[in-house]
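Colleague: Can you read through this structure? Questions will come right after.
The values are calculated or read from the model by the stated rules, or taken from the named source; none is laboratory data. This is a predicted model, so every value here is computed, not measured. Cβ placement follows ideal geometry from the backbone for every residue including glycine, while neighbour counts extend to all protein chains displayed.
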Amino acid sequence: MNIQAHILQKNGLVAIKLARELMTLKTGDRLSTIEEYSQKYSAARGTVQAALKLLGQYKAIALEPRGHLGTFITGVDYEVLWEFTGLGTIMGVMPLPYSRRYEGLATGLYQVLGSRRIPFSLAYMRGAETRLSALKSGRYDLAIVSRLAAAAAIERGQEIDIAIEFGRYTYVNQHVILFSDTAKREIEDGMAVGVDRTSIDHHLLTLSQCAGKRVNLVDLAYNQIISKLQAREIDAAVWNIDEILERQIDIPYYSLRSDEFADCDTEAVAVVNRQNDGLRNLLSAFVDKEEVVTCQQQVVRGERIPNY
């Protein structure tokens, strides 16, 4: 009988719950007691014992009782244990990999989760609003957005939690302000300012730069902004400096006039739906963010070929 057939049996649900919890543990960790698991999962002690025995039969885990000290894990096969979780392939969604920074982030995620033999796949979608909507609908298990976008979504009531924080400058290096008139240095009354409202960052940063000014906000797709600036159809826009430098776009740029968001727009985070606490725990336990960021930096510096 295979694993999937076993988890359909009476003790299968408890085996799934145990597997998801044990995925966050490692060799040397102490298990909770049978009684604690029984209360936690609202299951009979015998059912919990049968579920642990099943995991042992498939060599997903090896356990060693140590008397009054408790029972300890002496071996874990995460690949087998993952099959018991019933989670299948983790589906993530992140920005289109148009910069080395995004390519590096995708490369790092595949590297780290692949080393744990966790089935993982990324899709690419422009606009944090679009990605968070897809996450909410259940199309994806996690979404990569900036800390600024995550905080804004949580503040307005979206039930998401940050599972991984990658640190400053992992999302973008910096946002800057661009003008069609090279003599200009700041937003002025009467200007037409491009904004992509599907990008939470772009929308919030644009509103911040335009605070106190009477401007005309022109709704555009993010990838249209540079051409509209160069054609002088808009006067100004916020932009990601990574793309300017990598594409060698010949257009002057200037620092934003305030640091209202304290670099939250530069930090990448992985968010999950709040009710999916099992996945949040797994990601926080499994994803070595330092390793992800190291891979990302190697790609940015040209020391590593992107692989995603």
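Colleague: Working only within the range 39-84, note down all residues that are of a type in the set (V, I, T) and assigned to a helix (DSSP H, G or I).
Modeller: Those that are of a type in the set (V, I, T) and assigned to a helix (DSSP H, G or I): T47, V48, V80.
Colleague: Report, by residue number, each residue of the range 127-143 that is over 13 Å from the mean Cα position of the chain (by Cα), buried (at least 16 other Cβ atoms within 10 Å of the Cβ) and part of a loop (DSSP other than H, G, I, E, B).
Modeller: G127
Colleague: Taking the criterion of being touching a residue at least 12 places away in the same chain (Cβ under 8 Å), part of a loop (DSSP other than H, G, I, E, B) and hydroxyl-bearing (S, T, Y), would at least one residue in the range 235-258 satisfy it?
Modeller: Yes, because at least one residue in the range 235-258 is touching a residue at least 12 places away in the same chain (Cβ under 8 Å), part of a loop (DSSP other than H, G, I, E, B) and hydroxyl-bearing (S, T, Y).
Colleague: Enumerate the pairs (first residue in the range 280-308 and assigned by TED's automatic domain parsing to the domain that holds A143 and among the basic types (K, R); second residue anywhere and in a loop (DSSP other than H, G, I, E, B) and crowded, with 21+ Cβ neighbours inside 10 Å) with beta-carbon separation below 9 Å, excluding pairs fewer than 6 apart on the same chain, so at least 6 apart or on different chains.
Modeller: K289/F166; K289/T170
Colleague: Quick check: is even one residue across the range 142-155 of a type in the set (D, E, K, R) and in the same structural domain as A192 (by TED's automatic domain parsing)?
Modeller: no
Colleague: Every residue in the range 268-279 that is surrounded by 22 or more Cβ atoms within 10 Å (Cβ to Cβ) and touching an Asp or Glu at 6+ places or on another chain (Cβ under 7 Å), please.
Modeller: V269, V271, V272
Colleague: With respect to the numbered conditions (1) touching a strand residue (DSSP E or B) at 6+ places or on another chain (Cβ under 8 Å); (2) assigned to a loop (DSSP other than H, G, I, E, B); (3) farther than 25 Å from Y308 by Cβ, which one is the sole condition not fulfilled by I118?
Modeller: (3)
Colleague: Out of the residues in the range 86-120 meeting the condition of being small (G, A, S) and within 25 Å of K136 (Cα to Cα), tell me which one is surrounded by the most Cβ atoms within 10 Å (Cβ to Cβ). Lay out the reasoning, then the answer.
Modeller: Step one: of the range 86-120, the residues small (G, A, S) are 86, 88, 92, 99, 104, 106, 108, 114-115.
Next, from what is left, pick out any that are within 25 Å of K136 (Cα to Cα): 86, 88, 92, 106, 108.
Numbers: G86: 16, G88: 10, G92: 24, A106: 24, G108: 28.
Of everything passing the filter in the range 86-120, G108 is surrounded by the most Cβ atoms within 10 Å (Cβ to Cβ).
Colleague: Hey, can you tell me all the residues within the range 204-218 that are touching a residue at least 24 places away in the same chain (Cβ under 8 Å) and in a helix (DSSP H, G or I)? Before you say what the answer is, go through the steps one by one.
Modeller: In the first step, residues of the range 204-218 are kept if they are touching a residue at least 24 places away in the same chain (Cβ under 8 Å); the result is 204-206, 208-209, 213-218.
Those that are touching a residue at least 24 places away in the same chain (Cβ under 8 Å) and in a helix (DSSP H, G or I): L204, L205, T206, S208, Q209.
Colleague: Oh, and also: Under 24 Å from D277 (Cβ atoms) and either surrounded by fewer than 19 Cβ atoms within 10 Å (Cβ to Cβ) or of a type in the set (D, E, K, R) (or both): is that true of G190 in this structure? It would help to see each step written out before you state the result.
Modeller: Numbers: under 24 Å from D277 (Cβ atoms): no; either surrounded by fewer than 19 Cβ atoms within 10 Å (Cβ to Cβ) or of a type in the set (D, E, K, R) (or both): yes.
Here the answer is no, as G190 does not meet what is asked.
Colleague: Quick check on my filter: what residues within the range 18-67 are free of Cβ contacts under 8 Å to residues at least 12 places away in the same chain, of a type in the set (G, A, S) and in contact with a helix residue (DSSP H, G or I) (Cβ under 7 Å, 6 or more places away or on another chain)?
Modeller: Answer for the range 18-67, where residues must be free of Cβ contacts under 8 Å to residues at least 12 places away in the same chain, of a type in the set (G, A, S) and in contact with a helix residue (DSSP H, G or I) (Cβ under 7 Å, 6 or more places away or on another chain): S38, A44.
Colleague: Then there is this: If you go through the range 124-139 one residue at a time, do you hit one that is at negative phi and touching a Gly at 6+ places or on another chain (Cβ under 8 Å)?
Modeller: Restricting attention to the range 124-139, the residues satisfying the condition of being at negative phi are 124-126, 128-137, 139.
Subset that is touching a Gly at 6+ places or on another chain (Cβ under 8 Å): none.
Among the residues of the range 124-139, not one is at negative phi and touching a Gly at 6+ places or on another chain (Cβ under 8 Å), which makes the answer no.
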